[in-house]
Amino acid sequence: MATPHVTGLSALAISQGAHGTESVRAALTRAATKLPGLSASQQGAGMIDAGRLVGGALVSVAASASGAR
């Protein structure tokens, strides 16, 4: 079930300025964290952090909306 999630995150990367397949792939890879105990063939680049993908902008927006500081 990773495909729909990665598709959405790819669109998010494009909205943040990534253009072209290699640029999107690089952005997703930079935002990924390897999971312990799994090989590269089991996890690819790892688990993608959407907040890291957008440089923390999603966290800032959520905090502003909730009134948190």
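At-a-glance table
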quantity: Total residues in region 19-33, condition out of contact with any strand residue (DSSP E or B) (no Cβ under 8 Å at 6 or more places or on another chain) and at pLDDT 90 or above; calculated: 10
quantity: Pair list, Cβ < 9 Å and 6+ apart or interchain, from region 35-47 residues that are open to solvent by 50 Å² or more (accessible area, probe 1.4 Å) to residues that are charged (D, E, K, R); calculated: Ala40/Lys34; Met47/Lys34
quantity: Residue count, region 1-34 (criterion: of a type in the set (Ser, Thr, Tyr) and in contact (Cβ under 8 Å) with a residue 12 or more places away in the chain); calculated: 3
quantity: Helices (runs of 4 or more DSSP H) contained entirely in region 1-50, each with at least 3 residues that are small (Gly, Ala, Ser); calculated: 2-15, 21-30
quantity: When residues of region 51-69 are limited to those that are open to solvent by 60 Å² or more (accessible area, probe 1.4 Å), within 20 Å of Thr7 (Cα to Cα) and part of a helix (DSSP H, G or I), the one modelled with the lowest pLDDT; calculated: Leu58
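The values are calculated or read from the model by the stated rules, or taken from the named source; none is laboratory data. Note that the coordinates shown come from a computational prediction; the quantities given were computed from them, not determined experimentally. Glycine also receives a Cβ, built like all others from the backbone with ideal geometry; neighbour counts cover every protein chain displayed. The area values use the complete protein model at the heavy-atom level, side chains included, leaving out ligands, DNA and RNA. Shrake-Rupley method; radii C 1.70, N 1.55, O 1.52, S 1.80 Å.
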